[in-house]
Every structure is written in C-alpha cells, then in structure tokens.
Amino acid sequence: MPLIAGNGPVADEYRGGVIAVGNFDGMHRGHQKVLALAAEQAKSLSAPLGVMTFEPHPRTFFRPDQPLFRLTPLDLKSDLMHAAGADYVFALDFNADLAGQEAEDFITGELLQRLGARHVVTGYDFHFGKGRKGSPDLIASMGAGLGFGSTVVEQVTDDDGLAPFSSSGIREALRRGEVRQAAEQLGYWWCVRGPVVQGDQRGRTIGFPTVNIEMSNDGHPANGIYACRVRCADTGESWNGAGYVGDRPTFDRKGVVLEVYLLDFEGDLYGRNLSVQFNSYIRPDHRYEGVEKLVAQMTADCAQIRQEIAALAADDPIAGYRLGAAQAAGTL
C-alpha cells in the first residue's frame, strides 16, 4: 500500500477519493470505526479510500519539551491502516506553515485541491487549522458549497457503552503494564517493531541470550517482564519470548531497553526486522543481589510465560477483532 509522505502532489490515481482525516495514533477501535465508515462511503462511490494523517504528531510540534509516548510510529500506523482497508496513506508534514494555516485554507488547499476529496470522514473531536478553529461542522458546511460530502463519527465506546476509546487512555494502561486492557481498546496486541541491534551480550553469559530492539525513550510500557510473541518481518518466522523493558538495575545500567529472550531458538538475528507483541505482564523489574538469583527468577519467568502463551494459543481474546485476527494470521 502506498505511503505518501511530505507536502507534494498526489498522483491522479489517488485523487477523487474518500478521505479519513485524523492523527490516529494507536489506530484503536475508535479510529477503526472512522475507517470503517469511510470504507462504506468509498464502496458506494466506487472511489479509493485514503487516510490523511500528520507527521510528526502535532503535539510533538507544539510541545517539543514534553515527549510523547507514540503508540504507533508512522510505518506501523500505515500498515495498520492498510489492514483496516485503506488504499493509501498521506502523511502531511506538520510544520510551522501548516500550524499557521487557516482552517478554511486547509479545507480548500489540502482536502480539495491536493486530494480532490469527494467525501471526508472525521471523528467528532477533530480540530484543525490556526488556533484549532476548524471543526467537523466547518468541513460539513464548506463541503456542501465546494461539492464534497462529509461524515462525523461520534464517540466510540467499549462493548458496555461506558469507556470511550482514547490514545491517552491506552498509553496510561501500558504505563501500568495493563497490556490486555490496552489490547481490548486497540483491537490488536500492542507491539514494537524494529531491527535487531547490538546489545552488551550479557544475556548469553548467563544462559539467556536476547535480541535487542531499539525503543524510544520518549515513552514506554511499565518496566518489567512480559510474555511476548515475536515475528520476523523478513522471513515470516515467529517465536514466543520473554520480553524485558527496563534499565537493568542488577547491572547498574542506565537507559531503557527492550530485550527479548526467544524460547526454543538458537541463531543470529542481527539486522532482521522484528515485531514484538506484548501479550501479558509477568512482573515488575527488580534489582537482584547476584546473578544466581536473577537466573533463578528468569527461569521461573520463562516457565510462567510458556503457560501464558499456551493459554493464548488456545483462546486469543483479541483475535476476534479485525486487526487482532491479522496479527494471529501473521499478516500484520
């Protein structure tokens, strides 16, 4: 699926479609509802379905001194959008010019002239333009005069109709290690993707060699041990693993890392691109007095993780959602 980044022209084959617009960090079930309604419009109009998002996240632009825990970097977000039905993603550069653009000019310049939108779909709380003066109501009123339709998706809540889905709520759940709760809002298991990089190779000296994936220090889930499922994007191979997020207090190291001990695996994965799903929080991080106690605890952790993953293989509660099913099938 094409990912179009920047502020350049869009090829004719992607113009004249239905456009879902928003930040979509996390691509949670509320965001997926926006895409689902946009897909219905695209089908009725026999038009392509595009998604307009913004890079970097506007909050990062406006508050660079307050790091944002990004749930889905652009490449992952794009793949999630594709799995949810998008034909292409247009990642508009969020810069000073765009931040200072009047809301009316955004509608005529970006939605109409650049993308040739025939129909625009947004969430109820989408605001844009200088001073955030733009709103779904403005899109609807201007669209009626400019010749395109619009749809507003109201707040989407959980199955009980009580808790609304939100990116900020998912971030907080992950910070508490509540990965199941986060997954139920996301409709898939939250994951980190990236290449395997060189670590300090300490794990292999104690019988637990790990793969190391770079993780942004701007935000991360709770420090500790996780049951994980790991998939190699390059080969399609998958493994179960014991994931660790933390700063390795037993070894007095600083800086948060993501390390995964792959169960029943021997080999070298340096440079391979892996996706690490966080499926269960096993325990918090802890400083151990001596390597022997650490090894004993890791052995116990791996035994528990095998049980957790076996139960998940028998009954994955998240596989009932569209993106969760794609993960379970190994296509995402």
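Residues checked against (1) hydroxyl-bearing (Ser, Thr, Tyr); (2) in contact (Cβ under 8 Å) with a residue 40 or more places away in the chain:
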| site | (1), (2) |
| --- | --- |
| Phe278 | no, yes |
| Ile282 | no, yes |
| Cys302 | no, yes |
| Asp315 | no, no |
| Ile318 | no, yes |
| Ala326 | no, yes |
| Thr331 | yes, yes |
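Mind checking which residues of the stretch 270-282 are at pLDDT 90 or above and over 11 Å from Gly243 (Cα atoms)?
Listed by number, the residues that qualify are Arg272, Asn273, Leu274, Ser275.
If the condition is being touching a Lys or Arg at 6+ places or on another chain (Cβ under 8 Å) and either among the basic types (Lys, Arg) or within 15 Å of Thr72 (Cα to Cα) (or both), then the stretch 177-198 contributes Gln185, Leu186, Gly187, Trp189. Taking the stretch 5-15 as the range and being under 12 Å from Pro48 (Cβ atoms) and touching a strand residue (DSSP E or B) at 6+ places or on another chain (Cβ under 7 Å) as the test, the residues that pass are Val10, Tyr14. Residue check: Val295 meets all listed conditions (1) in a helix (DSSP H, G or I); (2) crowded, with 16+ Cβ neighbours inside 10 Å; (3) in contact (Cβ under 8 Å) with a residue 60 or more places away in the chain but one, namely (2).
When the stretch 112-143 is filtered for residues that are in a strand (DSSP E or B) and within 17 Å of Pro58 (Cβ to Cβ), the ones remaining, listed by number, are Thr122, Gly123, Phe128, Gly134. Selection of the stretch 148-160 for residues being surrounded by fewer than 18 Cβ atoms within 10 Å (Cβ to Cβ) and modelled with pLDDT of 95 or more yields only Gly149.
Of the residues contained in the stretch 247-258, none is found to be under 27 Å from Ala83 (Cα atoms) and either basic (Lys, Arg) or modelled with pLDDT of 95 or more (or both).
Residues that are closer than 30 Å to Met27 by Cβ and touching a Ser or Thr at 6+ places or on another chain (Cβ under 9 Å) do occur in the stretch 263-274, at least one of them.
Checking each residue in the stretch 276-287 for being surrounded by 15 or more Cβ atoms within 10 Å (Cβ to Cβ) and either touching a Leu at 6+ places or on another chain (Cβ under 8 Å) or not polar (S, T, N, Q) (or both) picks out Val276, Phe278, Asn279, Ser280, Tyr281, Ile282, Asp285. Within the stretch 91-111, the set of residues being part of a helix (DSSP H, G or I) and closer than 18 Å to Ala5 by Cα comprises Ala96, Asp97, Leu98, Ala99, Phe106, Gly109, Glu110, Leu111. It is to be established whether one or more residues within the stretch 306-322 are surrounded by 15 or more Cβ atoms within 10 Å (Cβ to Cβ) and either outside the structural domain of Val211 (by TED's automatic domain parsing) or aromatic (Phe, Trp, Tyr) (or both). Within the stretch 306-322, one or more residues are surrounded by 15 or more Cβ atoms within 10 Å (Cβ to Cβ) and either outside the structural domain of Val211 (by TED's automatic domain parsing) or aromatic (Phe, Trp, Tyr) (or both).
The values are calculated or read from the model by the stated rules, or taken from the named source; none is laboratory data. Because the structure is predicted, anything quoted here is derived from the model rather than measured. Every residue, glycine among them, receives a Cβ derived from its backbone with ideal geometry; neighbour counts consider all protein chains shown.
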